[in-house]
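Chemist: Got a structure for you, questions after.
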Amino acid sequence: MNINIITANEWYTKIYQEHNFEATLQEHVNHRDIVFYGNPDFYWGYNNPEVVKLIADSEAASSIDEQTEKLTEANKLIAEDAASNWLYLYPQIVVSAANVTGYPVNGLNSQFFAYGIKKAN
């Protein structure tokens with residue numbers, strides 16, 4: 001195996017845009033990664049029509065329970081297909097004073113907006 005270290009710009013062009021790779025290691029996790037498995041055009045090129053449908057159906061679900069059911073089914077298929085291999089989940093730790101509110105608890109890699117964060121007097 002040959003390991004080629006490239007810059008973030010090279011990664012974006014070669015891997016993300018051109019899909020020119022055999023394997024890639026990138027230190028990132030997207031918010032709600034599972035929806036990218038429902039997009040065959042995403043850079044890793046995974047294409048299982050059943051997963052695409054389950055994820056699309058989950059996004060249109062009328063309840064959290066229905067969405068959870070569809071995403072659970074999709075996750076099982078993704079795992080069975082061994083669509084990718086996540087080596088680890090890089091933790092993003094939030095430390096704050098007890099009187100700060102507005103950010104998600106256990107929001108590992110959650111995206112949240114600073115305007116909702118407030119310091120209580």
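Chemist: When you count, for each residue, the other Cβ atoms within 10 Å and take the mean per peptide, how do 36-43, 80-87 rank with the highest first?
Modeler: Descending packing order for the listed peptides: 36-43, 80-87.
Chemist: Could you name the aspartates and glutamates whose alpha carbon sits less than 16 Å from that of Lys70, not counting residues in the same chain fewer than 8 places away?
Modeler: Partners within reach: Asp33, Glu50, Asp57, Glu59, Glu80.
Chemist: What distance in nm separates the two pseudo spin-label positions at Ala60 and His19, each 7 Å out from Cα along the beta-carbon direction?
Modeler: So the two model labels end up 2.4 nm from each other.
Chemist: Can you give the FRET efficiency to the nearest 0.05 for Trp44 and Asn4, using r as the Cβ-Cβ distance and R₀ = 25 Å? Could you put the intermediate results ahead of the total?
Modeler: Details: r = 18 Å, r/R0 = 0.71.
Approximately 0.90, to the nearest 0.05.
We did not get these values from a lab; they are worked out from the coordinates using the rules stated. Quantities reported herein were computed from a predicted structural model and do not represent experimental measurements. As a convention, Cβ positions derive from the backbone with ideal geometry for all residues, glycine included, and neighbour counts pool all protein chains shown.
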